[in-house]
Amino acid sequence: MTRISARLSVSLLLLAACAAAQALLPSSLPAQENDPGIIRTLETDSAQIENSYYFSASFDNNTSSNRWLYLYGEGLFAIANDWALEVDFPNLSTQYPLGQVPLILAPIGLNLRYEFYHFGGWSSETAGAFSIEGGGAYAIPNTTFPWMGSSWSASVLGGYRMGKLYLEGNYGYQGGIDPRVPNQWKANTGLGYHLSRDWYIQGEADLTAVTAPNSRSSWAFIPQIAFQPGEWLFELGESLSDSPASTTELMVARTF
């Protein structure tokens, strides 16, 4: 119980620090003015620069008695024209019914993003945004879960909208700093359609190819629905993958 309380305290402190950072950002550094009208999918980041927070939860849907629960969050902060800082909160993982295993605290990530090309806006027929991002993730030493380790990553992000239809993706590489962390390529692609004023339907295909220490690959397809009333965004999807079980995913976002 002490270990779980300590990890929850760390997570709450990180959330408070991100909120404080948002409050201290100069008012002359707002999010990108011309929003291209492209919302992110559950696993595919949007390429534009915007001040926003994302919180997501995933639930295993298999029939075993020990099913996993994942809680994750991140914040994106505009720090200059076309530049942003992405903070990845530690992913909290456990099994439910709760209390069966200790709470796992995944690495803390910090990435720098540069939007090198942006055209159009929400009201234009076509719009797009393209960015590059790089950074690293630090894992708090943990003897209970030794596979948790630090890593670095680099990726390219892009989004293009034509009318109510939009396509976006992020493609990159993760390298392990600790030997136990796998080196892997990642490709996430999302296709969405703006149904009505606040509603969207989306589909997403994700591919991961591990190159070391043992080569293997995995894929997932996530049909989803999104609701965006103003500055809030709610997304619900069902992840179908090469494993027998599916996963229900929920995300809540707020743009400032």
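The values are calculated or read from the model by the stated rules, or taken from the named source; none is laboratory data. Owing to the predicted nature of the structure, the values given are computational and were not obtained by experimental measurement. Because the Cβ atoms are built from the backbone with ideal geometry, glycine has one as well, and the counts that use them run over all protein chains shown.
Things worth noting here:
- Residue match in the range 171-183 (condition: of a type outside the set (Lys, Arg) and closer than 30 Å to residue 228 by Cα): yes
- Enumeration of residues in the range 221-249 that are under 14 Å from residue 200 (Cα atoms) and more than 17 Å from the chain's Cα centre (by Cα): 227, 228, 229, 230
- Listed by position, the strands (runs of 3 or more DSSP E) inside the range 1-115 whose residues that are more than 23 Å from residue 176 (Cα to Cα) and at pLDDT 80 or above number at least 2 are 52-60, 67-80, 83-88.
- For the range 137-158, a residue qualifies if it is surrounded by fewer than 17 Cβ atoms within 10 Å (Cβ to Cβ) and within 26 Å of residue 189 (Cβ to Cβ), and the qualifying residues are 152, 154, 156.
- Selection of the range 184-215 for residues being closer than 20 Å to residue 164 by Cα, loosely packed, with under 15 Cβ neighbours inside 10 Å and either within 16 Å of the chain's Cα centre (by Cα) or among the hydroxyl-bearing types (Ser, Thr, Tyr) (or both) yields 193, 196.
- Scanning the range 128-149 for residues that are out of contact with any Ser or Thr (no Cβ under 6 Å at 6 or more places or on another chain) and under 21 Å from residue 76 (Cα atoms) returns 128, 129, 130, 131, 132, 134, 135, 136.
- Subset tally (residues that are of a type in the set (Gly, Ala, Ser) and closer than 22 Å to residue 51 by Cα) for the range 215-256: 3
- Of all residues making up the range 126-153, the number that are at pLDDT 95 or above and either of a type in the set (A, V, I, L, M) or closer than 30 Å to residue 35 by Cβ (or both): 13
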